[in-house]
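Report on the structure given below.
We did not get these values from a lab; they are worked out from the coordinates using the rules stated. This one's a predicted model, so the numbers in the text were calculated from it and none came from an experiment. Methodologically, a virtual Cβ is constructed for each residue, glycine included, from the backbone with ideal geometry; neighbour enumeration extends over all protein chains shown.
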Amino acid sequence: MAATDEIIDIERRGWEALSTDGAAATAFYDEVLDAEPIVLLPGGMVVRDRQQIVDSMSGAAWSSFELEDLEVRALGDDAATVTYGVVAEREGADPYSALMASTYVRRDDGWRLAVHQQTPR
């Protein structure tokens, strides 16, 4: 599998885990997060604590999601960024629409999520 396909597959599996339940999402991100990740969230929130990021994945599952226009840009042999739009819904809440960027680095044990940013649209 080419790096582009691997990165897209990881990102999709992340959304699938987030749409299953908190335990699945927590387990997925505990596995895929790099040792020192950075997450930039709406409202100016910056999270650098790996365990805090993992723990935050245990919230309510998304009931549906649609990823749009996925594009992977190589940043060398061992790093790549995937960008895309998403529309996701949770029961009883307004749809969430955002632009996403996730940067992965290849480590000895596989691709790891190093930086993630969400920009609501």
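Considering only DSSP states other than H, G, I, E and B, which chymotrypsin sites (Phe, Trp or Tyr not before Pro) in region 86-121 qualify as loop sites with at most 15 other Cβ atoms within 10 Å?
When the chymotrypsin sites (Phe, Trp or Tyr not before Pro) of region 86-121 are filtered for loop state and at most 15 Cβ neighbours within 10 Å, nothing remains.
Farthest toward the dipole's positive end in the chain, which of VAL47, VAL32, GLY110, given Cβ charges of +1 (Lys, Arg) and -1 (Asp, Glu) about the Cα centre?
Final value for the positive-end residue is VAL47.
Name the most mobile residue of ARG107, ARG50, ARG12, meaning the one with the largest mean-square fluctuation, in a Gaussian network model of the chain with Cα contacts below 10 Å.
ARG107
Which value, in debye to the nearest 20, gives the size of the charge dipole of region 3-43 about its Cα centre, when Lys and Arg are +1 and Asp and Glu are -1 at the Cβ?
Approximately 180 debye in magnitude.
Cα axis of helix 3-18 to longest principal axis of the chain: angle in degrees, 0 to 90, nearest 10?
30 degrees
State to the nearest 20 debye the size of the charge dipole of the chain about its Cα centre, where the only charges are +1 on K and R beta carbons and -1 on D and E beta carbons.
For the chain, the charge dipole is close to 320 debye.
Return the equivalent ellipsoid semi-axes of the chain as a descending list in whole Å, where each equals the square root of 5 times an eigenvalue of the C-alpha gyration tensor.
Each semi-axis is √(5λ); the values are 21, 16, 14 Å.
Please go through region 12-121 and write out the GluC sites (Glu not before Pro) that DSSP classes as loop and that have at most 11 other C-beta atoms within 10 Å.
GLU91
Multiply the residue separation of ARG12 and ARG48 by 0.36 nm, subtract the distance between their alpha-carbon atoms, and state the gained length in nm to one decimal.
Extra length from ARG12 to ARG48 when fully extended: 10.7 nm.
Distance between the C-alpha centers of region 72-121 and region 10-51? Whole Å please.
So the separation of the two Cα centres works out to 10 Å.
Most fluctuating residue of THR20, THR103, THR83 in a GNM of the chain with Cα springs under 10 Å: which is it?
Answer for the Gaussian network model of the chain: THR20.
How far is helix 22-32 tilted, in degrees, relative to the longest principal axis of the Cα atoms in the chain, given as a value from 0 to 90 rounded to the nearest 10?
Tilt of helix 22-32: around 20 degrees.
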